[in-house]
Every structure is written in C-alpha cells, then in structure tokens.
1. Only helical DSSP H runs with n ≥ 4 go in: add -39500 (n - 2.57) per run for the chain, normalise by residue count and round the 222 nm mean residue ellipticity to 500 deg cm²/dmol.
2. Counting each pair of different Cα atoms once, what's the Kirkwood radius of region 1-134 in Å, rounded to one decimal?
3. Where does region 222-261 land on Rg/Rh, using Cα atoms and the Kirkwood Rh?
4. Over 5 Å intervals from 0, what percent of Cα-Cα pairs in region 159-228 sits in each interval?
5. Computed on alpha carbon atoms, what radius of gyration and Dmax characterise region 140-298, expressed in Å?
6. Only bridges whose two residues both fall in region 23-130 count here: according to DSSP, what percent of them are antiparallel, nearest 5?
7. Once you list every other residue whose beta carbon is under 13 Å from the beta carbon of THR198, what net charge do they have if Lys and Arg are +1 and Asp and Glu are -1?
8. Just one of (i) 1.12; (ii) 0.96; (iii) 1.30 is Cα Rg over 2.2 N^0.38 Å as worked out from the coordinates here. Which one is it?
Amino acid sequence: MIEAVSRAHAFAPAATPVVLHGESGTGKTFFAQYIHDVSQRSGGFHAFSVGTVAPQLALDELFGHVQGAYTDARKMRTGRIAMAGGGTLLLDDVQNLDLGVQKQLLQVLDRGTYSPVGSDRVLAVACRIILAMTEEPGALMKKGLLLKDLRYRFGACAIRIPPLRERRAEIPVLALRALQRCPEDTKVDGPTRISESTLALLSEAEYEGNVRELAGVVEYAYLMARASGAGEIGPEHVPEGLTVSLRYQRWGEPVANRVAVERALQLTGGNVKAAARLLGISRTTLSAARKSMRDDCL
C-alpha cells in the first residue's frame, strides 16, 4: 500500500491517464477518488462502470450523441466525458468493454479529443481519465480482454491495489470507518464502538469480497448489536458464516487443537458460544476441550 500511495502521489498532478487494477472490492473507486483529491482538479469526481452497458451503447454513454444520430435520438445527449468537465472520470471494469470500443477509447486518450455519435464536430477532453480493471493489464491482454495498444500505451502508469488478505493490519481501521458510515447507510442509530476482541476476530477472517465484504460484515454486526440493545459490537454479533482460518479436528493432533481453542477464545474475548461457532464445533465439545487443557496444566 505504501508503494500504491507513492505512485498515486506521483501520478496525481498530471493529466496522464492512470490504470488501477485489483480484485473486486479492494477499493479502486476509493483510490481513484483519493487521486482526484490529491490532484486538486477544479471539477468533481465521476465514476462509471463501462462493463455494465451493451457494446452498441458504450460509445453513446461515453461520447453522447447529437439529435438525429439514429432513429430514437430525438434530442442531443451529453456523454460521460463531457459531464465530467474538468474533473476526474473513473471508467471501471474496462476489461468488460468491447475491444472495438476500447480502440476508440484509446484514440480519445491519445489525442485528447472525441466526437459525439452522429457528429463531425471535434471536442476536447477536459477531464482526467482513470481506468480500473480486475487484473493486471498484461494478464488481461493475454486473455484477449484488453487491447494490446491500450496496454502498451498506458500500462506503465498503473497502480496495483492489494487484496485485503495482504493488508490485514488495515482491517481494524477499515472496520471502524465502515461503522462510522452505518448510521447513514442503514438510516438507524446503533452502537458506536467495536470491541477489541471483535476487531481481532475481524482481522483473522477471510474476505473474498475484500473491503466491500468487510463493510457488509460490519453493517450486519451493527444491526444485530442494535437489535440486542448493545452499545458495542461484540464477537457474538458477527455473521455466523464468517470464515476464520482456525481448525479443530475431533481426532486431530491435541496440540494443534489446543492452539485453535486458545486462539478462538482469545479472538472472541472468552465468549464460548462465539468461539465454538468459529471452530465449527458445539459448546459442549469446546467446554470439554477447555477442561482437558486445564487438567493438563495441573
């Protein structure tokens, strides 16, 4: 992340297009917003997922069209590039964009000009464009999902956003930030704190959806804690499906099981029910394991 932030600061003041790549939910939109804020551009920040529109509509979305450009074009339409003004335009999911459209986008990025659909008028691109994709540009090019010229022309100014599993130290901060957003996102007031044991538990969990999934976990726990009248989110409030890399095998190695039990209890602040849930065993089995641990110490 230090390398990513360093590159962001190096690229931010320039008008050069930047490529952000990382798994879904790693925070590419947040990072693009950060680059925009550091750049101090006069306009606002705009984001658009180009992968969500049909190929035949992509150019219309990006460039807009003039009246009469095609049968249903009864009036002029402003495209995303024009709407972004002098600000920053994030084009997300570029890997889903038709290669033919990518070729026209490349010409726009190279020349800094474009024409609305159905028009011969050449307009200047005022905004700064950031491209976001789910994999490294070279890998996408080899799969035939990214235009070679686009990769070679702008692939150098790229920033990799690491998945959450590579930046676990950030999880407590990200969880607390997600908690701050909960009242606005859920439209109800709830707990204002997350216990230390819960933060430790969240830090050990696996998030295939990265930061986006973590935010969802915190929102669930927020609502469950609120429903129980708690002023603090505890381990018992996190989703039961939360995956933590702790294993307890009934006929497994006793030492390994002891380590798993101790860690589960530590993560849940001594909450037997929550610890048993993490390990995928019953409270009775966990209690028996704790008794065996105490007997071994005598």
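The values are calculated or read from the model by the stated rules, or taken from the named source; none is laboratory data. Please read all numbers here as calculations on a predicted model, not as lab measurements. No Cβ is skipped: glycine too gets one built from the backbone with ideal geometry, and neighbour counts run over all protein chains shown. We work out accessible area using only protein heavy atoms, side chains counted, and drop any ligands, DNA or RNA first. Shrake-Rupley method; radii C 1.70, N 1.55, O 1.52, S 1.80 Å.
1. Values: 13 runs with 141 residues, N = 298.
When only DSSP H runs of four or more count, the value is -14500 deg cm²/dmol.
2. Values: mean 1/r = 0.0652 Å⁻¹.
It works out to 15.3 Å.
3. On the way: Rg = 14.8 Å, Rh = 12.4 Å.
For region 222-261, the value is 1.20.
4. Percent of Cα pairs in each bin: 3, 17, 30, 23, 15, 7, 3, 1, 0.
5. 20.1, 71
6. On the way: 4 of 13 bridges.
So the antiparallel bridges amount to about 30 percent of the total.
7. On the way: positive: ARG193; negative: GLU196, GLU204, GLU232, GLU236.
Neighbour charge sum, excluding THR198 itself: -3.
8. (iii)
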